[in-house]
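All remarks here apply to the structure that follows.
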Number of protein chains: 2
Amino acid sequence: MKCVKCGQPAVINMRQHRLGLCAEHFLEWVPAQVERAIEKYEMFAPGERVLVAVSGGKDSLSLWDILLRLGYPAEGLYINLGIPHLEYSNVSQQKVEQFAAERGAAFRVVNVQGEYGQTIPEIARRKRGRTPCSTCGLVKRHILNQVARDGGYAVLATGHQLDDEVAVLFQNTLHWATGYLARQAPTLPASHPGLVRKVKPLIRLYEREMAAYALVRGIDYVYEECPYSRGATTLFYKSLLNQLEEASPGAKQSFYLSFLQARAEGHLLPEAASEVEMHPCSRCGQSTTAPGLCAFCRLWEMDGIDHGDTENTE
Amino acid sequence: MKCVKCGQPAVINMRQHRLGLCAEHFLEWVPAQVERAIEKYEMFAPGERVLVAVSGGKDSLSLWDILLRLGYPAEGLYINLGIPHLEYSNVSQQKVEQFAAERGAAFRVVNVQGEYGQTIPEIARRKRGRTPCSTCGLVKRHILNQVARDGGYAVLATGHQLDDEVAVLFQNTLHWATGYLARQAPTLPASHPGLVRKVKPLIRLYEREMAAYALVRGIDYVYEECPYSRGATTLFYKSLLNQLEEASPGAKQSFYLSFLQARAEGHLLPEAASEVEMHPCSRCGQSTTAPGLCAFCRLWEMDGIDHGDTENTE
């Protein structure tokens, strides 16, 4: 297989595009895909301050790298969740610090235990009905939004790539969760006071392309998945979707893009455009669907009971 | 595993219902499920004449058997498609004849070659752009509707079970084919002049339950799949869906039922209730979406070109 641009040996073959590229042209092609997504989905304009949520994994560090290469003023935010297994959170933080130091890039760290007194596993153990993963999602959403808002960033960017989005779409479709289906999007506007715009610039790229990008760019990232993600439903869905892609290259991308198109054309989800009523949380002020305390602030109530999220779950 | 009704050894365990049953109680339970579907989806009333499309396979013969056991005046219709491989169509016809003879049940046969001069494989070879499967679907839909209409039947029943419907739903969802999604239903009313009501009474039952029913009832059916179905996309989708069901019993049923529910509640497809404009075919009089000849009548035009179906594809 040869690079279609220069005829040198290809380092990657993207079957869904019938496209083989050498290292040099692949490192050009990936940022071009990201730029296309930023423009097409009106994610942000040049000069707008971007906060990148970085976990230390290949996707978010590659996203940060790409945005810097494209000239966007992208700063990082690492949330230390306090996951103790094999020093997972601390090792991840070191990867982020090293990445930022090599590039002289600005970044912030929020340590959940330092800031709120307990790690994610500790909160999950204390709250009945909360798994570590649901606690983690809630805490991250809250902190990401708060830091972006308080820091005056125009937009919060996350490293979700196409495989992540397709797995979520698949899960929501299997349950016909129409509320979630209505809100899943590459760009989520700041629809309520106190909520920042959220964007997924890697939406045109498959996970294996991001792994290849990190490898070819020499980005040193945490290889291990979070220890809590083992056996996660999402990983099972991804394996089913990979079988589909293997049989029919491009099937995952087509599933996602035809969903966006059918919804945009008004053939799907009549309520997609409808507003959810939101109120400011009486403690932290972030928008939440239920009056009173938001789900994040309820985490710190000492009754040990949690009746689930009521805040914006994007 | 024991039968939950009598404590005898169970012949089948239905994990999605957490239900084990012995042969006797399983043979009671299956028709009860069919009766529930007939009532819930308002398929037909006692006394209405039902035409059952029978292929000689386990699902359609079992459906016919069940409807007769439930006391419905169900007559069979076998369409001989002229598939020559291992005498597939003729062997299938013999199974249907034997089944009907054992029960003294009324049935009709339409031989496609005898009636129209060519077998399905011959038509497909003659028409560019037509596969045997698309030709077969078109011809069967036309003949089934015509015989039901001309014979004065109230309703046409087919042996589609839950696995069939889930595979079709999965395929339509992967492509977000909103037009097909809007029309897929257990009961399709006779929405236009010349179209009969179409129903799927096995909609509550998995394929493996139908196989078990045919086995326990001693129904002699054609085991082989149609020779053209090998490698069919539907079989691949069924294998993915079976992995899902294996990991989460009931997932297939839940995917289908939550789809029907979301659509019925108006959260999914704004156009589900909208009417498609239909015209009578200028030759055969059956309703079709395009003015002029319907897709079936165009099959017999000698230009060799076919631009696809325009008639109701249900």
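Where a number appears in this text, it was derived from the coordinates with a stated rule and is not lab data. Only a predicted model underlies this, so the values are computations on that prediction, with no experimental measurement involved. Please note: Cβ atoms are built from the backbone with ideal geometry, for glycine as well, and neighbour counts cover all protein chains shown.
Sorted into 10 angstrom bins from 0, the C-alpha pair distances of region A:47-140 split as 16, 45, 27, 11, 1 percent. Across peptide A:259-265, the mean count of Cβ atoms from other chains lying within 10 Å of each residue's own Cβ comes to 2.
Springs between Cα atoms under 10 Å define the GNM used for chain B, and in it the highest mean-square fluctuation of B:GLY76, B:GLY56, B:GLY250 occurs at B:GLY250. All C-alpha pair distances within the protein assembly as shown, sorted into 10 Å bins from zero, spread as 3, 13, 21, 22, 16, 13, 9, 2, 0 percent across the bins. List the residues of region A:202-221 whose backbone N lies under 20 Å from a point placed 7 Å from the Cα of A:ASN90 along the Cα-to-Cβ direction. Of the residues in region A:202-221, A:221 have backbone N under 20 Å from the label point off A:ASN90.
Set the Förster radius R0 to 35 Å, insert the Cβ-Cβ distance between B:ALA264 and A:ARG49 as r into 1/(1 + (r/R0)^6), and round the FRET efficiency to 0.05. Each step should come with its number before you reach the end.
On the way: r = 46 Å, r/R0 = 1.32.
E(calc), rounded to 0.05, equals 0.15.
When you work out D = kT/(6 pi eta Rh) for chain A at 4 °C and 1.567 mPa s, using the Kirkwood radius from C-alpha pairs as Rh and the Stokes-Einstein form, the result is 63 µm²/s.
From other protein chains only, count the Cβ atoms within 10 Å of every residue's Cβ in A:174-184, then give the mean. Intermediate results must be reported in sequence, preceding the final value.
Working: counts 11, 6, 13, 3, 8, 1, 0, 3, 1, 0, 0.
Going residue by residue through A:174-184 and averaging, the value is 4.
With Cα atoms defining each centre, region A:195-257 and region B:40-88 are spaced 46 Å apart in the structure. Across the identical copies, the label point of B:ARG208 (7 Å from Cα in the Cβ direction) is separated from its matches by 3.1 nm, in order from shortest.
Between A:GLU271 and B:GLN243, how high is the FRET efficiency from 1/(1 + (r/R0)^6) when r is the Cβ-Cβ distance and R₀ = 45 Å? Nearest 0.05. Each step should come with its number before you reach the end.
Working: r = 32 Å, r/R0 = 0.71.
E(calc), rounded to 0.05, equals 0.90.
Are there DSSP H segments in chain A that both extend 20 Å or more along their axis (alpha-carbon positions) and score a mean Kyte-Doolittle hydropathy of at least -1.0? List them, or say none. Those that clear 20 Å and a mean of -1.0 are A:23-40, A:132-150, A:233-247. This ranking places A:LYS5, B:LYS127 by how few other beta-carbon atoms lie within 10 Å of each, fewest first, which gives A:LYS5, B:LYS127. Ranked from shortest, the separations from the 7 Å Cα-to-Cβ label point of A:GLU97 to its equivalents in the other copies are 8.5 nm. Residue of chain B with the smallest Cβ distance to the axis mapping B onto A, distance rounded to whole Å: B:PRO270, 2. When chymotrypsin sites (Phe, Trp or Tyr not before Pro) are flagged only if DSSP places them in a loop and at most 15 other Cβ atoms lie within 10 Å, the longest unflagged stretch of chain B comes out as B:1-222.
Each other copy places its own label point for B:ALA290 at 5.6 nm from this one, sorted shortest first, where the point lies 7 Å along the Cα-to-beta carbon line. Treating each Cα of region B:147-296 as an identical point scatterer and summing with the Debye formula, the log10 of I(q)/I(0) at q = 0.11, 0.12, 0.21 Å⁻¹ comes to -0.56, -0.66, -1.43.
Going from the fewest other Cβ atoms within 10 Å to the most, the residues A:LEU86, A:LEU61 appear in the order A:LEU86, A:LEU61. Remark: A:LEU162, A:LEU188, A:LEU235 ranked as A:LEU235, A:LEU188, A:LEU162, counting other beta-carbon atoms within 10 Å and listing the fewest first.
Checking the cross-link pairs A:LYS5/A:LYS58; B:LYS95/B:LYS198; A:LYS40/A:LYS140; B:LYS95/B:LYS238; A:LYS40/B:LYS252; B:LYS2/B:LYS40 against a 32 Å limit on the alpha carbon distance flags A:LYS40/B:LYS252 as lying beyond it.
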